[in-house]
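Down below is the structure, laid out as structure tokens.
Read-outs: derived from the displayed coordinates by stated rules, not from any lab. In this text, all values refer to a predicted model and were calculated from it rather than measured experimentally. Virtual Cβ from ideal backbone geometry, glycine too; neighbours counted across all protein chains shown.
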Amino acid sequence: MSINVIVGGQWGDEGKGKIVDLLSKNVNIVARYQGGSNAGHTVYHNNKKIILHQIPTGILRENNVCILGKGMVVDPDGIIEEIECLNNNNIDFNNRIIIDYYAHIVTPLHKLIDKINEEKSGGKIGTTCKGIGPTYQDKYQRIGIRAIDLLDIKLLKKKIEERTKIAIDRSEICEDDLLNINLNDYYSSCIKIKDFINDSFPVLFNKDKSNILIEGAQGTLLDIDHGTFPYVTSSNCSSGGISTGLGIPGNKLDSVIGIFKAYVTRVGGGPFPTELFDENGKQLQSIGKELGATTGRVRRCGWFDIVAAKYSACINGLTGIALTKLDILDSFDTIYVCTHYEYKGSKITEMSKVLNYLDEVTPVYKQFKGWNCSVEGSRVFEDLPEEAKVYINFLSSEIGVPIEIISIGPKRHQILNLQ
């Protein structure tokens with residue numbers, strides 16, 4: 001039995017889907033432990049682009065059972081959309097999806113509350129309005145609806161009626177807002193996914209047969225406890241969330257691979273020390289096709305941040321790194337890496353010291369000569385241009401974690417495995 005983990009090392013959108021797809025060929029279980037439809041994992045399957053938001057990317061490998069763990073917040077309508085995508089691409093999912101009994105469930109009411117809250121804040125946080133935050137809020141207030149409740153539709157309807165009354169009493173919504181909710185379609189989705197709902201515990205702890213890959217969503221810098229609060233998601237997307245989200249203790253993990261882009265992006269509001277507002281930023285956005293898989297919003301772009309990467313490596317206990325989208329840097333004459341920050345006259349090398357003041361720090365950069373040629377034809381690390389190898393080795397050395405995988409293009413085969 002082996003248990004390996006993939007987590008996002010930055011603000012999400014690092015290319016986790018492709019790396020999960022790569023590593024899932026050697027396992028028989030792929031499990032998500034947090035988040036919901038606010039994630040967007042993009043993979044090319046048979047030369048077709050597939051985006052999955054809740055169902056683990058491992059579903060694209062026929063050898064895998066995919067688990068949506070109890071730490072997730074699951075949207076039944078979204079699951080049906082993803083099932084349709086799988087059907088349209090002739091991907092067999094029968095007996096291969098388990099939604100844990102005790103995963104909390106997103107309802108149209110949660111999405112409505114989320115949208116109203118975001119409008120009231122003036123779009124300050126930049127939430128996806130997928131109902132994630134309100135669903136987690138209900139979980140911690142112990143009034144949430146769980147997947148096991150979907151097995152009895154009468155009970156589900158009663159719970160939604162009770163929760164709606166609470167929302168009106170709390171002025172979270174007004175009665176007129178309910179005109180925007182279509183519960184009949186929602187109940188239809190709930191009925192359709194009933195067969196997926198089961199107990200994941202005996203599957204995860206079948207020691208004789210289980211090789212497990214754990215798939216994180218979002219990124220460490222969006223973690224509710226370790227991220228750039230309040231501009232964060234509503235769950236623990238760092239590796240620490242695995243223990244609560246799946247019930248797998250940390251001492252059972254064999255490896256934790258952090259996914260980092262060769263530069264940095266962020267969607268929505270919040271501090272971003274290395275963000276670029278010049279032609280370099282526009283070039284990264286254009287060449288990298290930096291549009292959110294979930295929201296379609298343009299991603300903010302910046303240079304690689306060593307301070308943030310070291311922070312992420314420590315929090316997650318990273319044993320290895322997968323560096324993605326190296327090819328996007330092919331046309332840059334000069335590439336920059338932030339080695340430390342300056343804050344009120346002091347040199348800062350630990351992100352935790354200024355996490356609450358990130359919008360006030362000044363990034364200090366080290367310059368690297370670009371390679372000005374395509375890396376996509378490389379088959380092994382030694383094939384890369386010398387300048388690219390210098391860049392990669394510097395990142396690994398400074399972070400203190402070996403880079404084991406390098407993605408040099410969007411397709412499945414465009415991968416360098418350094419192990």
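Structure above, values below:
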| quantity | calculated |
| --- | --- |
| Exposure rule at most 13 other beta-carbon atoms within 10 Å, DSSP loop GluC sites (Glu not before Pro): the chain longest free segment | 63-349 |
| Neighbour-limited loop hits for chymotrypsin sites (Phe, Trp or Tyr not before Pro), segment 207-307 (at most 11 other Cβ within 10 Å; DSSP other than H, G, I, E, B) | Phe277 |
| Lys, Arg +1 and Asp, Glu -1 on Cβ, resulting dipole of the chain about Cα centre, debye, nearest 20 | 520 debye |
| Highest-MSF residue in the chain out of Leu213, Leu155, Leu246 [GNM, Cα springs under 10 Å] | Leu155 |
| In degrees, nearest ten, helix 76-88 long axis to first principal axis of the chain (Cα) | 60 degrees |
| Cα-derived Rg over Rh, computed across segment 261-417 with Rh taken as Kirkwood radius | 0.95 |
| Sites matching trypsin sites (Lys or Arg not before Pro) across segment 166-254 that sit in DSSP coil, with at most 10 neighbouring C-beta atoms within 10 Å | Arg170, Lys207, Lys209 |
| Cα centroid of segment 189-255 to Cα centroid of segment 148-178, whole Å | 27 Å |
| Estimated inter-spin distance, Ser121 and Lys154, nm [label 7 Å along Cα→Cβ] | 4.0 nm |
| FRET efficiency, 1/(1 + (r/R0)^6) with R0 22 Å, evaluated for Lys25 and Glu84 via beta carbons | 0.35 |
| Most mobile listed residue (Lys158, Lys25, Lys282) in the chain, GNM with C-alpha springs under 10 Å | Lys158 |
